[in-house]
1. Residue by residue through the stretch 140-195, note down the ones that are over 14 Å from LEU4 (Cβ atoms) and among the basic types (Lys, Arg).
2. From the list MET192, MET178, exactly one residue is modelled with pLDDT of 95 or more, farther than 20 Å from ASP238 by Cβ and in a helix (DSSP H, G or I). Which is it?
3. Counting residues that are out of contact with any Ser or Thr (no Cβ under 9 Å at 6 or more places or on another chain) and at pLDDT 95 or above, which helices (runs of 4 or more DSSP H) fully inside the stretch 6-93 reach at least 2?
4. So which of PRO278, PRO295 is surrounded by fewer than 18 Cβ atoms within 10 Å (Cβ to Cβ) and closer than 23 Å to HIS236 by Cα?
5. Contact list please: Cβ distance under 8 Å, first residue in the stretch 52-67 and more than 23 Å from PRO96 (Cβ to Cβ) and surrounded by fewer than 21 Cβ atoms within 10 Å (Cβ to Cβ), second residue among the charged types (D, E, K, R) and at pLDDT 95 or above, pairs at least six apart or on different chains.
6. When ARG99 is evaluated against the numbered criteria (1) touching a Lys or Arg at 6+ places or on another chain (Cβ under 8 Å); (2) closer than 26 Å to LEU216 by Cα; (3) free of Cβ contacts under 8 Å to residues at least 40 places away in the same chain; (4) not β-branched (Val, Ile, Thr), which criterion, by number, is the only one it fails?
7. Given the condition touching a strand residue (DSSP E or B) at 6+ places or on another chain (Cβ under 8 Å), part of a strand (DSSP E or B), surrounded by fewer than 17 Cβ atoms within 10 Å (Cβ to Cβ) and without any contact (Cβ under 8 Å) to a residue 60 or more places away in the chain, answer yes or no: does some residue in the stretch 159-167 qualify?
8. Considering each residue of the stretch 82-123, count those that are of a type in the set (A, V, I, L, M) and farther than 17 Å from ALA17 by Cβ, and give that number.
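The values are calculated or read from the model by the stated rules, or taken from the named source; none is laboratory data. Values in this document were obtained by computation on a predicted structure and should not be read as measured data. In this analysis, Cβ positions are derived from the backbone assuming ideal geometry, glycine residues included, and neighbour counts consider all displayed protein chains.
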Amino acid sequence: MQRLDSFMAAANAQYYATHDPFADFTTAPEISQVFGELMGAWAAVMWQVMGRPVPVILAEAGPGRGTLMADAMRVIGRTAPDFASALQLHLVETSPRLRAEQASRLSVAAFHDRIEDIPPGPMILLANEFIDALPIRQFVRRDRWMERFVDAGAFVEQPAEIALGDAPEGAVMEICDMAREIAAHIGARLAMHGGAALFIDYGPAQSGFGDSLQALRGTQKSAPLADAGASDLTAHVDFQSMAEAAKGAQAHGPIPQGVFLTRLGLFQRNGVLARTQPPAKAMAMIESVRRLAEPDQMGQLFKALALCAPGLATPPGFSE
């Protein structure tokens, strides 16, 4: 019998080590190159807001195929050459097969297993769809709080050993200890060394109850406890909990992804690119950015949260 977070951690480690995740889902950088370009522009502006430190670490957690950072670096090299010269690229990735693909696109990157392993210094961190794959614990209210364990492919409930607040009967509470620990580490790091971190992921703006654990296999939803290691297990991100855990840093957001990307110039940049393409390709590009921004697609469920060193100006995209 395993606690749910231990089961999820082992299952996802096997999944990412043995599967191509992009056969099961598509992330924003793969939908449109503009997404990664805007992340690069955001990082370049934040470097200036930070006072242009040299050197500065540009890091990404969960880089996927390396698409986001490759698009970001292309824009940085073209529009912010001083930043390009100052930055040291670091990637947080545990999958050997994904590291190999990232290295083919980003040959100068240093790799780490954990965000905590990134060396000290001023840092700008990007993390798109990283937190949702971290292991969660689940608690169910049944007269008292019970914690979910996994045994032989089924849930088993045991009395919870931590104190939780009151809730309606049957309510489900999810806690991601690792997300809180990462946020706490980043908050302390930014307060000491300076910098900013940008998290884009899916989940509600405020903490609440609900069972969000899901599995994807072959682009289709599957049973989360079936075929461990063959499906991608994810859960909604508790942005409020992360912001509260990042003591020492200033939190901005979360705000809807569609609002954030639109403020950064998503549609304007895409329009410039689309005008150089044949009509069918241009229409496909327009539909791609609509997928990122429209409320009924990814624009509302996905959120952006920035953590910044104390005293820094509001980061791009977070002020009206």
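1. ARG141, ARG142, ARG144, ARG180, ARG189
2. Working: MET178 fails: farther than 20 Å from ASP238 by Cβ.
Within the list MET192, MET178, the selection yields MET192.
3. On the way: elements: 28-31, 33-49, 67-79, 81-86.
Output list reads 33-49, 67-79, 81-86.
4. On the way: PRO278 fails: closer than 23 Å to HIS236 by Cα.
Going through PRO278, PRO295 in turn, the sole match is PRO295.
5. Here the result reads ARG52/ASP82, each pair linking the stretch 52-67 to a residue that is among the charged types (D, E, K, R) and at pLDDT 95 or above.
6. Tallying (1) touching a Lys or Arg at 6+ places or on another chain (Cβ under 8 Å); (2) closer than 26 Å to LEU216 by Cα; (3) free of Cβ contacts under 8 Å to residues at least 40 places away in the same chain; (4) not β-branched (Val, Ile, Thr), ARG99 fails exactly one: (1).
7. Yes, the conditions are met somewhere in the stretch 159-167.
8. Here is the first cut: in the stretch 82-123, the ones of a type in the set (A, V, I, L, M) are 84, 86-87, 89, 91-92, 98, 100, 103, 106, 108-110, 115, 118, 123.
Now restrict to residues that are farther than 17 Å from ALA17 by Cβ: 84, 86-87, 89, 106, 108-110, 115, 118, 123.
Here the count works out to 11.
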